[in-house]
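Comments concern the structure below.
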Amino acid sequence: MTSLLARRLLQLIPTIVLLSLIIFSLQHLLPGDPALVLAGESPDEATLAAIRAQYHLDQPLLVQYLYWVKGVLTGDLGQSMRHNRPVLELILLKLPVTLQLAVMGIVLALVFGITGGVISALRQNTPVDYATNVVSLAGISLPNFWLGIMLIMFFSVVLG
């Protein structure tokens, strides 16, 4: 058991490194120059150079990656370019609502899942059992984004 856990933890290291490389690369594949976005309209070269130096955009990609990894490991996720606030602060601001939504989703899934399972077990091979199975399979099979849109339309448009 301990060797399995140790192997899994060792497999975790290259996975995290590869994932961090993918995330960093995706950030750099975005079109446009981040310094131009931050500088606003008609920036001068001194402003652009200062922004590039501040965010290490004037360094090679490997050096930028190392700065980025150091920031992530120390909890510094950088500044939001849209809100001009620390990203970690923005995440922590939205975290309570996200956790509430996740907990409510888990509670609803447990309530409906256990209820459906009990009903299906008590009424085996009856139309109620088949209907419960169909509803369960539909709930698993339907894409979440589509189901969410349909529920929004039902509750807001149909029910008002």
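The values are calculated or read from the model by the stated rules, or taken from the named source; none is laboratory data. None of these values were measured; they are calculated from a predicted model. As a convention, Cβ positions derive from the backbone with ideal geometry for all residues, glycine included, and neighbour counts pool all protein chains shown.
Using the structure shown, decide if Val97 is under 18 Å from the mean Cα position of the chain (by Cα), farther than 26 Å from Ser25 by Cα and surrounded by fewer than 10 Cβ atoms within 10 Å (Cβ to Cβ).
Details: under 18 Å from the mean Cα position of the chain (by Cα): yes; farther than 26 Å from Ser25 by Cα: yes; surrounded by fewer than 10 Cβ atoms within 10 Å (Cβ to Cβ): yes.
Judged against the criteria, Val97 is a match.
Restrict the check to the range 49-63 and report whether at least one residue is farther than 17 Å from Leu29 by Cα and in contact (Cβ under 8 Å) with a residue 24 or more places away in the chain.
No: the range 49-63 contains no residue that is farther than 17 Å from Leu29 by Cα and in contact (Cβ under 8 Å) with a residue 24 or more places away in the chain.
If we keep just the residues of the range 1-39 that are more than 19 Å from Trp68 (Cα to Cα) and of a type in the set (S, T, N, Q), which is modelled with the highest pLDDT?
Gln11
Test Ile140 against the criterion of being in a helix (DSSP H, G or I), among the β-branched types (Val, Ile, Thr) and surrounded by 10 or more Cβ atoms within 10 Å (Cβ to Cβ), and give yes or no. Before you say what the answer is, go through the steps one by one.
Working: in a helix (DSSP H, G or I): yes; among the β-branched types (Val, Ile, Thr): yes; surrounded by 10 or more Cβ atoms within 10 Å (Cβ to Cβ): no.
No.
Cβ-Cβ below 6 Å, separation at least six or inter-chain, first residue in the range 106-133 and in the same structural domain as Asn144 (by TED's automatic domain parsing), second part of a helix (DSSP H, G or I) and among the charged types (D, E, K, R): which pairs?
Close Cβ pairs satisfying both conditions: Ser120/Asp129; Arg123/Asp129.
All but one of (1) assigned to a loop (DSSP other than H, G, I, E, B); (2) at pLDDT 90 or above hold for Gly160; which doesn't?
Status for Gly160: all satisfied but (2).
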